[in-house]
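A short write-up of the structure that comes next.
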Amino acid sequence: MPRLFFALWPDDDTRKQLQAVMQSIPPNIGRAVPLENLHITLAFLGQVNEEITKGLEAAANQIRTQKFELKLDTIGCWRKSGILWLAPVDIPEKLGLLVSRVNEVSAASGITLDGRPFKPHIALARKAGMPPERDQIPSVIWQVESFTLVESITHHTGAQYRVLDSWPLLN
Ligand code: 2AM
């Protein structure tokens, strides 16, 4: 069964800005996540069968929250998981609302979520020890206009992500 998650998937302009961030990180800081894999997870769903996925997609179609600007302006490291992350200092209310709605439709479709508090972040590198100096990293301004359902495929070389579906946010 496919492993799925709802995510914010960077558009071309945002990915260009993320490339600048990746280029600012010292190469010895950990194992860099490939540029095309960078994303923000809204809700990790785990393994989901086809029938539930169909229901989930129909329910996600009903989500009507608004577009927002996301400023990714802080960098840090979680020691336990070894993740070097880029994150917003301020979480826009509209992002919080979107996550609530995504969690609701997932639960209503029969998916058990892990219930951990939402910490929006982009994983930039794994097996990282120390974050680089904050002021060496450019901020990213992301105009978030949609959200996506993504499949995670694990290869021995690392994860590969496939966007299955995408829904626009409202003006
Ligand atoms: P991470 O990048 O911070 O590890 C696909 O695996 C996405 O879902 C990743 O963004 C990952 O976050 C996130 N995720 C959240 N909970 C997860 C879990 N229990 N197992 C795997 N990935 C999880």
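Residues are listed down the side, and each one gets a yes or a no for (1) in a strand (DSSP E or B); (2) over 19 Å from Val105 (Cα atoms); (3) not hydrophobic (A, V, I, L, M, F, W, C):
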{"position": "Gly129", "(1), (2), (3)": "no, yes, yes"}
{"position": "Pro132", "(1), (2), (3)": "no, yes, yes"}
{"position": "Ile141", "(1), (2), (3)": "yes, yes, no"}
{"position": "Thr148", "(1), (2), (3)": "yes, no, yes"}
{"position": "Ser152", "(1), (2), (3)": "yes, yes, yes"}
{"position": "Ala159", "(1), (2), (3)": "yes, yes, no"}
{"position": "Arg162", "(1), (2), (3)": "yes, yes, yes"}
{"position": "Asp165", "(1), (2), (3)": "yes, no, yes"}
Exercise for the section: Could you tell me whether any residue of the range 38-49 is open to solvent by 30 Å² or more (accessible area, probe 1.4 Å), without any contact (Cβ under 8 Å) to a residue 40 or more places away in the chain, hydrophobic (A, V, I, L, M, F, W, C) and within 16 Å of the ligand (Cβ to nearest atom)? Expected result: no
Completion exercise
Looking across the range 81-140 at residues that are on the phi > 0 side of the Ramachandran plot and in contact (Cβ under 8 Å) with a residue 24 or more places away in the chain, the single one that is least open to solvent (accessible area, probe 1.4 Å) is Gly82
Exercise for the section: Would you tally the residues in the range 141-171 being among the β-branched types (Val, Ile, Thr), within 17 Å of Lys94 (Cα to Cα) and open to solvent by less than 50 Å² (accessible area, probe 1.4 Å)? Expected result: 2
Practice task
Could you list, in sequence order, all residues of the range 112-126 that are within 14 Å of the chain's Cα centre (by Cα), part of a strand (DSSP E or B) and within 9 Å of the ligand (Cβ to nearest atom)?
Solution key: Ile122, Ala123
Exercise for the section: Would you tally the residues in the range 129-158 being at pLDDT 95 or above and small (Gly, Ala, Ser)? Expected result: 3
Fill in the blank from the handout: Per the list (1) over 24 Å from Glu69 (Cα atoms); (2) more than 16 Å from the ligand (Cβ to nearest atom); (3) touching a Pro at 6+ places or on another chain (Cβ under 9 Å), residue check on Glu151 breaks on (2)
Exercise for the section: Say whether the condition of being under 25 Å from His155 (Cα atoms), open to solvent by 50 Å² or more (accessible area, probe 1.4 Å) and away from the ligand (no atom under 16 Å from the Cβ) is met by at least one residue in the range 26-34. Expected result: yes
Fill in the blank from the handout: Scanning the range 50-76 residue by residue, the ones that are open to solvent by 80 Å² or more (accessible area, probe 1.4 Å) and aliphatic (A, V, I, L, M) total 0
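The values are calculated or read from the model by the stated rules, or taken from the named source; none is laboratory data. Model, not experiment: these values are computed from the prediction. A quick note on method: Cβ atoms are made from the backbone with ideal geometry, for glycine too, and the neighbour counts reach across all protein chains shown. Keep in mind that these areas ignore ligands, DNA and RNA; they rest on the heavy atoms of the full protein, side chains included. Shrake-Rupley method; radii C 1.70, N 1.55, O 1.52, S 1.80 Å.
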